[in-house]
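Down below is the structure, laid out as structure tokens.
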Amino acid sequence: MNILVVGANGQIGKHLVKLIQENGDQARAMIRKQEQAAYFKDLGAETAIANLEDEIDVIAEAAEGVDAFVFTAGSGPKTGKDKTLMIDLDGAVKTIQAAEKANVKRFIMISSFDTSREAIQAAPESFAPYVVAKHYADEWLLNTDLDYTIIHPGLLTNNPGTNQVTLGANVERGEVPREDIARVIYTSLKNDATIGKRFRAVSGQTPVEEAIQSV
Ligand code: NAP
């Protein structure tokens, strides 16, 4: 399987590309600067340069020949609300449209923990625009014919992965290492039973492979 990782140079992205390569699949890291390529080339991954502020065609060209998309990009907490709109919302929607344009059906979205309308209403003023962006990006994907999986991670940490998670629609808020989220993404790609599903992911006591079977 050849997988386009959008946001590959991010913290989840780097774990994910490594995992894909280690397991004999092929990652294509979508990055925005040439100087970011060396890490991925060393792993045997392909790279494609594209910016989420580019036209949809540029993202679609980066995806030529792939079997699946993973969107794990994000504007991060250090940029303004302009980038929340341009990356977390418009960038995500353009990536979905690029998948459609490139005829790639499989799409995994890294959302945030709670993107419900209630979460928008309950969010502090500074955080609400991000929840809005993630809410509508999820909604856009749900209204396509793509083979989607939407993963809603808890609070991400850089603790080493444990391969032990709790997945489900109604799990309690909690932390989860980025390395474990990368494994949840990869395992979802390998399990078509996750198509058309959305679930939360936090640290737990069930091995990822087993937890994925029951989402
Ligand atoms: P991260 O390390 O901040 O990585 C984000 C990636 O997005 C970076 O590689 C960045 O590229 C890329 N990006 C930003 N703007 C871009 C643009 N214009 N064009 C192309 N790429 C762009 O994020 P993470 O910690 O891996 O988290 C990934 C996802 O998890 C995000 O969608 C986030 O919303 C979501 N999430 C986070 C939490 C949390 O607790 N933090 C919880 C749930 C969900 P550069 O490397 O070039 O800067």
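The table that follows gives values for the structure above.
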{"item": "Hits in segment 76-128 - residues which are free of Cβ contacts under 8 Å to residues at least 24 places away in the same chain and in contact with a Ser or Thr (Cβ under 8 Å, 6 or more places away or on another chain)", "result": "83"}
{"item": "Failed item, numbered, when residue 62 is tested on (1) near the ligand (Cβ under 8 Å from one of its atoms); (2) surrounded by 15 or more Cβ atoms within 10 Å (Cβ to Cβ)", "result": "(1)"}
{"item": "Residue list for segment 10-24, filter: in contact (Cβ under 8 Å) with a residue 40 or more places away in the chain and in contact with a strand residue (DSSP E or B) (Cβ under 8 Å, 6 or more places away or on another chain)", "result": "11, 12, 13, 16, 20"}
{"item": "Check on residue 166, β-branched (Val, Ile, Thr), outside any helix (DSSP H, G or I) and surrounded by 17 or more Cβ atoms within 10 Å (Cβ to Cβ)", "result": "yes"}
{"item": "Which listed residue is modelled with pLDDT under 95 and within 13 Å of the ligand (Cβ to nearest atom), from 83, 134, 94, 78", "result": "78"}
{"item": "Members of segment 10-47 found to be in a strand (DSSP E or B) and within 11 Å of the ligand (Cβ to nearest atom), listed by number", "result": "29, 30, 31"}
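The values are calculated or read from the model by the stated rules, or taken from the named source; none is laboratory data. Everything quoted here is computed from the prediction, not taken from an experiment. Cβ sites come from the backbone with ideal geometry, for glycine too, and all protein chains shown count toward neighbours.
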